[in-house]
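**Q** Shown below is the structure under consideration.
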């Protein structure tokens, strides 16, 4: 991977903006597209070239990254009339960093291969903080030679980069990550609710449990925000609910039961129904407070 490698980037939301910025800061020539151009203006001001379509990005790039919202967005970006696969050049590599369906990642891989294009799925964990600090965990699926080629680009965005195997395996690994997050986030929210009703000072309580056996990323990074009633998104409720739906769909196909996950997902469905889909996923606390008639 040389400094002249042309980077394409599609999706400049909460995480994509920072992630692309790290590559741009390394000096890679960058072409970008986002549904809302204003979100990409900071990158444009620093020298990125704007393209009017995903296909325009693909035509101008050697490695094309995507990080968008929903599986339907991924499908449109890759398979649409002006999508990546309509204009991508032979020898290019596509890297979808959206959390999406493993089957869709394999479909992209199969469609890219006859064009002489390598397709990688590489969802991430670490939220907006990890994106800003370039400390993301990146879960990678795809052919090893393609993964090795783009490794220096991954290293500009993350610290824990693991090749999980063939196409779709990055997404399956991300589903494992979301299962753990779902179980952890509800535990943290219930702990805060219990502590509040018991009359504890929540910051003091957290200073104890965050250093014991309960220690975890959510206690360190999200629990203090919940105490301060700061539910700004590092990761949207609507996106997390989407991820949990993917896990449950995959689980049904594999014939396994996920009762805990199914319950947590219903709380997120309720959050969306109450108009909180664009809050951070740690706003799960609001639903539990409502169930217990706690008004804060």
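**Q** What is region 7-166's relative contact order, in percent, from Cα pairs under 8 angstrom and six or more apart in sequence?
**A** The value is 19 percent.
**Q** Additional query: Round to a whole angstrom and tell me the spacing of the C-alpha centers of region 81-102 and region 23-59.
**A** 16 Å
**Q** Starting from the alpha-carbon convex hull of region 141-296, give the projected area averaged over all orientations, in nm².
**A** For region 141-296, the mean projected area of the Cα convex hull comes to 10.9 nm².
**Q** Just want to confirm a number: the relative contact order over the chain, from Cα pairs under 8 angstrom separated by 6+ residues, in percent.
**A** 13 percent
**Q** Nearest 10 degrees is fine. How inclined is helix 259-273 to the longest principal axis of the chain, computing both from alpha carbons?
**A** Result, in degrees: 80.
**Q** Next question, about the same structure. Angle, helix 16-25 long axis vs. longest principal axis of the chain, Cα atoms, 0 to 90°, nearest 10?
**A** Around 50 degrees separate the two axes.
**Q** Which value in deg cm²/dmol, rounded to the nearest 500, describes the helix-derived mean residue ellipticity at 222 nm for the chain, given -39,500 (n - 2.57) per DSSP H run of n ≥ 4 and division by the residue count?
**A** Computed ellipticity for the chain at 222 nm equals -15000 deg cm²/dmol.
**Q** Cα centroid distance between region 205-235 and region 239-294, in Å?
**A** The two parts, judged by their Cα centres, are 19 Å apart.
**Q** Which of the following values of Cα extents along the principal axes in Å was calculated from the structure shown: [x] 72, 43, 35; [y] 55, 44, 36; [z] 62, 46, 34?
**A** Correct label, based on the coordinates given: [z].
**Q** Mind ordering 283-293, 4-14 by average Cβ neighbours within 10 Å, highest first?
**A** Packing order, densest peptide first, comes out as 4-14, 283-293.
**Q** OK, next. Among bridges DSSP assigns within the chain, what percent are antiparallel (round to 5)?
**A** The antiparallel fraction comes to roughly 15 percent.
**Q** Rounded to the nearest 0.05, what FRET efficiency do residue 103 and residue 294 have when you use their Cβ-Cβ distance and R0 = 41 Å?
**A** In this case the efficiency is close to 0.50.
**Q** Normalising by the residue count of region 240-296, find the relative contact order in percent from Cα pairs under 8 Å and 6+ residues apart.
**A** Relative CO of region 240-296 lands at 31 percent.
**Q** OK, next. Where does the Debye-calculated log10 I(q)/I(0) of region 7-166 sit at q = 0.12 Å⁻¹, using only Cα point scatterers of equal weight, no solvent?
**A** Values, matching the q order: -0.43.
Since every read-out is calculated from the coordinates, none of them should be taken as a lab result. The shown structure was predicted, so the numbers you read here are calculated from the model rather than taken from an experiment. Here Cβ is always computed from backbone atoms with ideal geometry, including for glycine, and neighbour counts include all displayed protein chains.
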